[in-house]
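A.B. asks: What follows is a single structure, and I will ask about it in a moment.
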Amino acid sequence: MARILVLYNQPADPAAFDRYYFETHTPLALKIPGLQRLTVSDGPVTLLAGGAAPYLVAQLDFASMADLQAALASPEGQTTAGDLANFAQAGVTLLAMETKEPQA
């Protein structure tokens, strides 16, 4: 499995951020081909070690890194990425990774 982890910094206007994120950005993201699952943090994010906690964390899951890369290159992926400038002015960190579930 492959995952994109999106860490959004604290916005100046959280209500405006939330409105845009859930009414405009999320519907765009849900159209990305190959997206298997989108989850979003619910409530405050707690940082367990020093530093500033993100305001919101989103996780997008794909079957493979190849699917993730194809999704980002798709018109829907490009539209979603381009939309970040419309609401994430406080900054955003994007991480891509392959994942596995360790066996006991």
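A.B. asks: Mind checking the full-extension length gain between residue 16 and residue 30? Use 0.36 nm per residue of separation minus the Cα-Cα distance, one decimal, nm.
C.D. replies: Working it through step by step, the gained length comes to 3.0 nm.
A.B. asks: Let me ask something additional. Taking all protein chains as present, what is the carbon and sulfur share of the accessible area of the chain, in % to the nearest whole number, probe 1.4 Å?
C.D. replies: Roughly 56 percent of what the probe reaches on the chain is carbon or sulfur.
A.B. asks: Could you give the distance between the Cα centres of region 43-104 and region 6-29, to the whole Å?
C.D. replies: Each part's Cα centre sits 13 Å from the other's.
A.B. asks: Separation between the residue 41 and residue 83 pseudo-spin-labels, each 7 Å from Cα along Cα→Cβ, expressed in nm?
C.D. replies: 2.1 nm
A.B. asks: Which peptide among 38-50, 71-83 comes first, and what is the full order, when sorted by highest mean count of other Cβ atoms within 10 Å?
C.D. replies: Values: 38-50: 9.5, 71-83: 15.5.
With the highest mean Cβ count within 10 Å placed first, the list reads 71-83, 38-50.
A.B. asks: Just grab the label-to-label distance for residue 5 and residue 70, each label 7 Å out from Cα along the Cβ direction, in nm (one decimal).
C.D. replies: 2.6 nm
A.B. asks: Calculate, in nm to one decimal, what residue 98 and residue 53 gain on full extension: separation in residues at 0.36 nm each, minus their alpha carbon distance.
C.D. replies: 13.9 nm
A.B. asks: Still on this structure, please answer the following. Over the chain, with the other protein chains present, what is the accessible area per residue in square angstrom, probe 1.4 angstrom? Write out the running numbers ahead of the final one.
C.D. replies: On the way: 6410 Å² over 104 residues.
Accessible surface, normalised per residue, equals 62 Å².
A.B. asks: Now a separate question. Averaging sequence separations of C-alpha pairs under 8 Å and six or more residues apart, then dividing by the length of the chain, give the relative contact order as a whole percent. Before the final figure, lay out each step's value.
C.D. replies: Working: 158 pairs, mean separation 50.5, N = 104.
Relative CO of the chain lands at 49 percent.
A.B. asks: Another question, if that's okay. Just want the answer: with Cβ charges of +1 for Lys and Arg and -1 for Asp and Glu, which residue in 36, 15, 49 is farthest toward the dipole's positive end in the chain?
C.D. replies: 49
A.B. asks: Next question, about the same structure. How large is the dipole of the chain about the Cα centre if only Lys and Arg carry +1 and Asp and Glu carry -1, each at its Cβ, rounded to the nearest 20 debye?
C.D. replies: Details: 5 positive and 10 negative charges, 21 e Å.
Roughly 100 debye, rounded to the nearest 20.
The values are calculated or read from the model by the stated rules, or taken from the named source; none is laboratory data. Since this is a predicted model, take the numbers as computed values, not measurements. Positions of Cβ are generated from backbone atoms using ideal geometry, with glycine treated the same way; all protein chains shown enter the neighbour counts. These accessible areas exclude ligands, DNA and RNA; they are computed on the full protein's heavy atoms, side chains included. Shrake-Rupley method; radii C 1.70, N 1.55, O 1.52, S 1.80 Å.
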